[in-house]
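Q: This is the structure I want to talk about, given as structure tokens.
The values are calculated or read from the model by the stated rules, or taken from the named source; none is laboratory data. From a predicted model like this one, the values you see are computed outputs, not experimental measurements. So basically every Cβ, Gly included, is an ideal-geometry build from the backbone, and we count neighbours across all protein chains shown. We work out accessible area using only protein heavy atoms, side chains counted, and drop any ligands, DNA or RNA first. Shrake-Rupley method; radii C 1.70, N 1.55, O 1.52, S 1.80 Å.
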Amino acid sequence: MRLEAFPLEFQGAMPILRKLQSAGYEAYYVGGSVRDILLNKPIHDVDIATSAFPAEVKELFHRTIDVGIDHGTVMVITKEATYEVTTFRTESTYQDYRRPDHVEFVRSLKEDLKRRDFTINALAVGIDGTIIDLFDGLDDLRNKVLRAVGNPYERFHEDALRMMRALRFVSHLGFTLEPNTFEAIQEYHSLLAKISTERINVEFVKLMMGSFREAGLRSFVESECYIYCPGLRSYGEALLNFSELRGPAIPTERQAWTLLMAMLDMNITDIRHFMKEWKCSNQLIREVTQMVPALQFRLKYEWDNWTLYQLGRELALSVEYLLYYFEREPNLEKIRLLYQYLPIYSLKDLALKGNEVMEYFDYPRGPWISMILNVLEQEVIEGNLKNQKEDLLNYAEGYLKKEMS
Ligand code: ATP
Ligand code: MG
């Protein structure tokens, strides 16, 4: 079979493949981008595989960066874009169920394709469009089947992360797991305990965000892989409930974690602990710990100015969108409007500053200042008070009198 039309992304990389070939090496498009083109899906990164060794690649191109030279990857920089060029390689003697002990560069495309995880990821395309399909990946693409290259037991034993990758491909592509491949995952699910949380995290997030989330998450539970993921051991039932939520693919990572946390019914302390265990960034944890209570609020009430103000526009829009998953219609426009008409957007916008409060009342510096400012902030946001210095000072005076008496 031959690829009839080259997508723009492939055309951009064509001079690189041509140059490698005219220097006497083999060069192909490989990996996820080939799969995605054949599925008519948008592609993210174009991977190029070549028989040239890294030093040989570097000799051929003016501008390169060693991004993963130990693994044979050199980044080639062109005027328009950058491309990863990886030397054909085999990965040998996996002793700890994760990454290979060492990689060996080889001159054979077949060896390189053999070490890839699934048949649909083991296709290569030459510059004339010929598709090289040594493991019947095209049949599997047509039949929507996800099948390990070679013996699935061996392949998952070599690198247990592949089991999580399998589940996330189910979730993204809606493919079914070939029975042997699924059985091997069921059998070896506990090997996930050997894999670093960071690597599992990447795949788990993609698993949550797929268009076929239900199938992906169901296989995650049925294969018992979830048991060996951080903090999920006792949440099989809740994960199934999560899988059953209707609604489109979850657009962002923070929304995915927020929905998950809501379905697992975790409180703020649990969420923090859970997401730390998953090695999520502090920024993400901060966002999700704000979004979960906001979602619970929104499921019961309409937005009010104070909740909206505290959450901020972007997080509020993110939360509102999640109504889809609870069979409610989000009203994003309303949030935009409400937000636009807020009298202030942060404490900095208040017409009275901390030092002015201190000077005016002439009390010693102390926590009372920020307390007063917070009271004023809330009154202004709720529309009870105008954001004008005089009004604010008057209000503060009355408030302090009441508090001190
Ligand atoms: P995505 O579209 O999400 O990038 P992808 O299939 O391109 O999916 P990558 O992680 O970018 O995934 O990997 C590129 C290719 O490298 C894969 O298509 C596959 O051929 C191979 N690969 C990646 N990870 C593994 C692995 N753990 N074991 C074997 N082959 C792998
Ligand atoms: Mg990729």
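Q: Looking at Ala262, Ala249, Ala256, which one is exposed (fewer than 14 other Cβ atoms within 10 Å of the Cβ) and in contact with a helix residue (DSSP H, G or I) (Cβ under 7 Å, 6 or more places away or on another chain)? Talk me through it step by step, then tell me what you get.
A: On the way: Ala262 fails: exposed (fewer than 14 other Cβ atoms within 10 Å of the Cβ); Ala256 fails: exposed (fewer than 14 other Cβ atoms within 10 Å of the Cβ).
Unique residue meeting the criteria: Ala249.
Q: In the set Lys79, Lys58, which member is away from ligand 2 (no atom under 16 Å from the Cβ), over 22 Å from Phe135 (Cα atoms), of a type in the set (D, E, K, R) and surrounded by fewer than 16 Cβ atoms within 10 Å (Cβ to Cβ)? Step through it out loud before you land on a result.
A: Working: Lys58 fails: surrounded by fewer than 16 Cβ atoms within 10 Å (Cβ to Cβ).
Result of the check over Lys79, Lys58: Lys79.
Q: Further, regarding this structure: Among the residues of the range 144-184, write down those that are buried (at least 20 other Cβ atoms within 10 Å of the Cβ) and of a type in the set (Gly, Ala, Ser).
A: Ala148, Ala160, Ala166, Ser171, Ala184
Q: What pairs come up if the first residue lies in the range 269-284 and is in the same structural domain as Thr258 (by TED's automatic domain parsing) and within 14 Å of Arg199 (Cα to Cα), the second is of a type in the set (Asp, Glu) and assigned to a helix (DSSP H, G or I), and their beta carbons are under 9 Å apart, counting only those six or more places apart or on different chains?
A: Lys279/Glu198; Cys280/Glu253
Q: Kindly indicate whether Thr197 is of a type in the set (Ser, Thr, Tyr), under 20 Å from Ala122 (Cβ atoms) and not assigned by TED's automatic domain parsing to the domain that holds His273. I'd like the intermediate steps shown before the answer.
A: On the way: of a type in the set (Ser, Thr, Tyr): yes; under 20 Å from Ala122 (Cβ atoms): no; not assigned by TED's automatic domain parsing to the domain that holds His273: yes.
Taking the combined requirement at face value, the residue does not satisfy it.
Q: Continuing with this model, one more query. Among the residues of the range 109-139 satisfying the criterion of being within 16 Å of ligand 2 (Cβ to nearest atom), assigned to a loop (DSSP other than H, G, I, E, B) and out of contact with any Gly (no Cβ under 8 Å at 6 or more places or on another chain), which is farthest from Leu167 (Cα to Cα)?
A: Selected residue: Arg115.
Q: Report, by residue number, each residue of the range 325-355 that is buried (at least 16 other Cβ atoms within 10 Å of the Cβ) and part of a helix (DSSP H, G or I).
A: Tyr325, Ile335, Leu338, Tyr339, listed by residue number.
Q: Condition test on Val74, is it under 21 Å from Val106 (Cβ atoms), crowded, with 16+ Cβ neighbours inside 10 Å, touching a residue at least 12 places away in the same chain (Cβ under 8 Å) and away from ligand 1 (no atom under 12 Å from the Cβ)?
A: Values: under 21 Å from Val106 (Cβ atoms): yes; crowded, with 16+ Cβ neighbours inside 10 Å: yes; touching a residue at least 12 places away in the same chain (Cβ under 8 Å): yes; away from ligand 1 (no atom under 12 Å from the Cβ): yes.
The answer is yes for Val74.
Q: Still on this structure, I have one more. Please find, among Ile48, Ile16, the residue that is part of a strand (DSSP E or B) and aliphatic (A, V, I, L, M).
A: Details: Ile16 fails: part of a strand (DSSP E or B).
Among Ile48, Ile16, only Ile48 is part of a strand (DSSP E or B) and aliphatic (A, V, I, L, M).
Q: Right, another one. I'm trying to understand the selection: among the residues of the range 247-266, which are under 20 Å from the mean Cα position of the chain (by Cα) and of a type outside the set (A, V, I, L, M, F, W, C)? If you could, list the steps in order and put the result at the bottom.
A: As a first pass, look at the range 247-266 and keep what is under 20 Å from the mean Cα position of the chain (by Cα): 247-264.
Gly247, Pro248, Pro251, Thr252, Glu253, Arg254, Gln255, Thr258, listed by residue number.
Q: When you scan the range 25-34, do you find a residue that is open to solvent by less than 50 Å² (accessible area, probe 1.4 Å) and over 16 Å from Asn121 (Cβ atoms), even just one?
A: Initially, the range 25-34 is screened for residues open to solvent by less than 50 Å² (accessible area, probe 1.4 Å), giving 27-34.
Keeping just the survivors that are over 16 Å from Asn121 (Cβ atoms) gives 27.
The answer is yes, given that some residue of the range 25-34 is open to solvent by less than 50 Å² (accessible area, probe 1.4 Å) and over 16 Å from Asn121 (Cβ atoms).
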